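*Asks:* Quick one: the structure is below, questions incoming.
Read-outs: derived from the displayed coordinates by stated rules, not from any lab. Only a predicted model underlies this, so the values are computations on that prediction, with no experimental measurement involved. Every residue, glycine among them, receives a Cβ derived from its backbone with ideal geometry; neighbour counts consider all protein chains shown.
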Amino acid sequence: MQFDFTAEENAFRDEVRRFIAGHYPPELRARQCAHQPLGKADYLSWHRILASKGWVAPHWPVAYGGTGWSQTQLYIWAEETARADCVPVITFGTGLLASVLFQFASEAQKQAHLPGIYSGEVWWCQGYSEPGAGSDLASLRTRAERRQDSDGSDYYLVNGQKTWTTLAQFADWGFFLVRTDPNSKPQAGISFLLIDMRSPGVTVRPIITLDGEHEVNDIFLDNVKVPVENRIHAENQGWTCAKALLAHERTGISRVAASKRALEKLRQMAQVESSDNGGALIDDPFFRRKLTELEIDLVALDVTLLRTVAAASGGKAPGPESSLLKINGTEIQQRLQELALEAAGHYGAPRARDCLGPDQPVGPDHAVGVAEAYFNGRKTTIFGGSNEIQRNIIAKMILGL
């Protein structure tokens, strides 16, 4: 489905397309086309180009490096970067932490951290989930006890464990939820701390996921000293920061533009893959029905996102409607992955290319990685607050139940 844009907005779309075509790193494109794992340098190569252009954080306030784009332009930007298969700008710093800093940090804290986020010099990770405190995040146990150094300066002594921490193996800094008051009710005793990952006592241990990749990690915090000035907002008021951050995260997790691109690729795959009756898979009525139902649901989600865009244009911050986007967006992502695996057939066997010799045919290029994407995608309905939790939020905040 195509939406109508103004002539000015269409001109902006053309400008974005020209910029991507002329500046996207060819070495990065080659690695993507060869289905090679991407590392920190790969992500930062595109990040730094965008930072040099002034487009790496288009949603930021203009005073801090934002573009001043309208909400519709931001929507077009997301569509075009997905259409061109650009690697995403890692959002932990530019999206999640920045949203908290702009709302709750002091000016000194903004000046200390925003430039490094923008340039890509400082890579951030998110220390929220713990063993036993994932969707029930308020039950977290990582403790931060306030102490005083011999020189009279205050600090927190942090002990605990965080888990499922995405790309923490690359992180220079992390933002963490910690318990600073164990005696108050769960949400009231949490603070939001920024921790230098090079601090003594910080240990990062890899977790290898079902797709065979090292994407997430355990983080162990053993008597880590954190200066009090690294706390954002007031002590024991970190839950306010956490909720604001999660609203932004859940909106981003919906990945509508990326799903539209995935649907396009899936349709192309179905045009060349064969069905059981010998014709093209796209002509199989059962597969075509599933593909059409998926497209209808994706269009409906896109319209919902545009409503959110319209609300944001009026200055409204993401609210409980972000839970709607999170639920439907992640479930659509999984359905896309399931249909891609179905379309690939036996060519989608996990790591088939690793099992066969280098000269053995292993099927078409479009089938490479579909099984890994399927396995990795099982997490999307869990992280950022499980979809079950999101339905509870909708019931309470929207339906008033």
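*Asks:* So, by mean Cβ neighbours within 10 angstrom, what's the order for 256-268, 23-35 with the highest one leading?
*Replies:* The peptides rank, most packed first, as 256-268, 23-35.
*Asks:* Based on alpha-carbon centroids, what's the gap between region 211-227 and region 149-163 in Å, whole number please?
*Replies:* Cα centroid to Cα centroid, the span is 17 Å.
*Asks:* What is region 7-89's relative contact order, in percent, from Cα pairs under 8 angstrom and six or more apart in sequence?
*Replies:* After rounding, I find 30 percent.
*Asks:* Once amide H atoms are placed 1.01 Å from N in the peptide plane, what residues at a sequence separation of 5 or more from E130, or on another chain, have their amide H within under 5 Å of its amide H?
*Replies:* Counting only residues 5 or more places away or on other chains, the set is T163.
*Asks:* Over 27 Å between Cα atoms, which of K40/K162; K243/K379; K53/K225 qualify?
*Replies:* K53/K225
*Asks:* Quote the relative contact order of the chain in percent (integer), defining contacts as alpha-carbon pairs under 8 Å separated by 6+ residues.
*Replies:* Over the chain, the number comes to 13 percent.
*Asks:* Where the only charges are on Cβ atoms (+1 Lys, Arg; -1 Asp, Glu), what is the dipole of the chain about its Cα centre, to the nearest 20 debye?
*Replies:* 640 debye
*Asks:* A further question on this structure: What are the ³J(HN,Hα) couplings of region 334-348, residue after residue, when phi is run through the Karplus curve with 6.51, -1.76, 1.60 and θ = phi - 60°? Round to Hz, x for glycine and proline.
*Replies:* Along region 334-348, the couplings run 5, 5, 4, 5, 5, 5, 5, 5, 5, 5, 6, x, 5, 5, x Hz.
*Asks:* Next question. With labels modelled as points extended 7 Å from the Cα through the Cβ direction, what inter-label distance (nm, one decimal) is found for E8 paired with V228?
*Replies:* 4.9 nm
*Asks:* Sorted by mean Cβ packing within 10 Å, highest first, what order do the peptides 367-373, 228-234 take?
*Replies:* So the order, starting with the most tightly packed, is 367-373, 228-234.
*Asks:* Counting alpha carbon pairs within less than 8 Å and at least 6 residues apart, what relative contact order, in whole percent, applies to region 248-337?
*Replies:* About 48 percent, as a whole number.
*Asks:* Let me ask another. Residue by residue, what Karplus-based ³J(HN,Hα) values in Hz, rounded to whole numbers, does region 76-90 have, using 6.51, -1.76 and 1.60 with θ = phi - 60° and x for Gly and Pro?
*Replies:* 5, 4, 4, 5, 6, 5, 6, 4, 8, 6, 6, 5, x, 5, 4
*Asks:* Specify the angular offset, from 0 to 90 degrees and rounded to the nearest 10, of the alpha carbon long axis of helix 107-119 from the longest principal axis of the alpha carbons in the chain.
*Replies:* That works out to roughly 30 degrees.
*Asks:* Quick check: the distance between the Cα centres of region 9-30 and region 63-114, to the nearest angstrom?
*Replies:* 18 Å
*Asks:* Which parts of region 241-284 would a label at L38 reach, counting a residue when its backbone N lies under 19 Å from a point 7 Å out along Cα-to-Cβ?
*Replies:* 252-266
*Asks:* Mind checking the angle between helix 40-53 and the chain's longest principal axis? C-alpha axes, 0 to 90 degrees, to the nearest 10.
*Replies:* 80 degrees
*Asks:* In whole Hz and in residue order, list the ³J(HN,Hα) couplings for region 198-207 that follow from phi through the Karplus curve 6.51 cos²θ - 1.76 cosθ + 1.60, θ = phi - 60°; x for Gly and Pro.
*Replies:* 8, 5, x, x, 8, 10, 10, 10, x, 10
*Asks:* So if each residue of separation counts as 0.36 nm, and I subtract the Cα-Cα distance between T292 and A30, what length gain in nm does that give?
*Replies:* In short, 91.1 nm is gained.
*Asks:* Between S135 and A112, what FRET efficiency comes out of the Förster formula 1/(1 + (r/R0)^6) with R0 = 35 Å and r the beta carbon distance, rounded to 0.05?
*Replies:* 0.60
*Asks:* Using 7 Å Cα-to-Cβ label points, what is the Y64/A280 separation (nm, one decimal)?
*Replies:* Simple spin-label model gives 4.9 nm for this pair.
*Asks:* While we're here: Could you sort the peptides 388-394, 104-110 by per-residue average Cβ neighbour count (10 Å cutoff), highest mean leading?
*Replies:* 388-394, 104-110
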